[in-house]
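Worksheet: one structure, shown below.
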Amino acid sequence: MTVDSSAAGDEHDAETERELSWRAGSVGLAALDVGDADLMHGWRSDPVNAHQLGIWPRSLSAVRERIERDIDDDDRDDFLILVPGSPPVGYVALSGQNIVNGTAQVELMLAAQHRRRGYGTAALDALVDLAFGELPMYRLTAETHTDNGPALAVLAKSGFTREGISRAACLHRGRRHDLAVFSLLRPEWEQLNRPRAWDA
């Protein structure tokens, strides 16, 4: 469901009490909880998100079960994206963490009404700083449809390099889609000329 204006105030009041796990510039990251299943269900049901991420709507109970399972997964960290004066604007995650190899994958999803405001870049920058500044990651990867212009732009702004294309790697709505493959290495992150999360 998309939060309407009448419900936004109540939801914001609840969110102001959430403990932030990480903060960077204009956004804060709070650990995803089972109580966030309604939000995640609504975002996953959005047709634009479903197309760009190659997902399909699931039942609320299935989303809740998935969140419960992911919370117990030591190889991933899932966060809501919070901004002052607003209900949560999206979701970001560091998944598939391999501490031995220092690798992980980034995931990002924004609510429809909060796109094109810079929140995606800010949240991704925050997640990247967490991965390289607090965790021993050396290589982060991301994948998105080759026609997902907003995601391609956010990845480029955050310093990711396009490595290539996984041809016909995603089946969605009866069609095969190519996936653009991006990566960011620790030395490249160290060279980025931007404030770090801990400088906020």
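Annotation: residue 139 fulfils all but one of (1) surrounded by fewer than 13 Cβ atoms within 10 Å (Cβ to Cβ); (2) touching a residue at least 40 places away in the same chain (Cβ under 8 Å); (3) among the charged types (D, E, K, R); the unmet one is (1). Only one entry in 106, 100 is of a type in the set (A, V, I, L, M), in contact with a strand residue (DSSP E or B) (Cβ under 6 Å, 6 or more places away or on another chain) and not in a helix (DSSP H, G or I), namely 106. Pairing each residue of segment 155-166 that is assigned to a helix (DSSP H, G or I) with any residue that is of a type in the set (Phe, Trp, Tyr), provided the two are 6+ apart or on different chains, yields C-beta distances under 6 Å for 155/182. Among the numbered conditions (1) without any contact (Cβ under 8 Å) to a residue 60 or more places away in the chain; (2) open to solvent by less than 30 Å² (accessible area, probe 1.4 Å); (3) more than 24 Å from residue 116 (Cβ to Cβ); (4) not in a loop (DSSP other than H, G, I, E, B), the only one that residue 184 does not meet is (3). I need every pair where a residue in segment 111-129 that is in contact (Cβ under 8 Å) with a residue 60 or more places away in the chain and more than 19 Å from residue 139 (Cα to Cα) has its Cβ under 7 Å from the Cβ of a residue that is of a type in the set (D, E, K, R) and not in a helix (DSSP H, G or I), sequence separation at least 6 or different chains. Correct list of pairs: 112/46.
May I ask you to list the residues in segment 151-164 that are surrounded by fewer than 16 Cβ atoms within 10 Å (Cβ to Cβ) and closer than 27 Å to residue 112 by Cβ?
In the first step, residues of segment 151-164 are kept if they are surrounded by fewer than 16 Cβ atoms within 10 Å (Cβ to Cβ); the result is 153, 156-157, 161-164.
153, 156, 157, 162 - these are the residues of segment 151-164 that are surrounded by fewer than 16 Cβ atoms within 10 Å (Cβ to Cβ) and closer than 27 Å to residue 112 by Cβ.
Among the residues making up segment 165-181, those that are loosely packed, with under 13 Cβ neighbours inside 10 Å and either over 26 Å from residue 115 (Cβ atoms) or not aliphatic (A, V, I, L, M) (or both) are 167, 168, 173, 174, 175, 176. Comparison of 167, 139 shows that the only residue that is of a type in the set (Lys, Arg), out of contact with any Phe, Trp or Tyr (no Cβ under 6 Å at 6 or more places or on another chain) and modelled with pLDDT of 95 or more is 139. Do we have any residue at all in segment 38-55 that's open to solvent by less than 60 Å² (accessible area, probe 1.4 Å), at pLDDT 75 or above and assigned to a strand (DSSP E or B)? Within segment 38-55, not a single residue is open to solvent by less than 60 Å² (accessible area, probe 1.4 Å), at pLDDT 75 or above and assigned to a strand (DSSP E or B).
The values are calculated or read from the model by the stated rules, or taken from the named source; none is laboratory data. Keep in mind it's a predicted model, so treat the numbers as computed, not measured. FYI the Cβ positions are ideal-geometry reconstructions off the backbone, even for glycines, and counts take in every protein chain you see. Accessible surface is based on the protein model in full, side chains and every heavy atom, while ligands, DNA and RNA are left aside. Shrake-Rupley method; radii C 1.70, N 1.55, O 1.52, S 1.80 Å.
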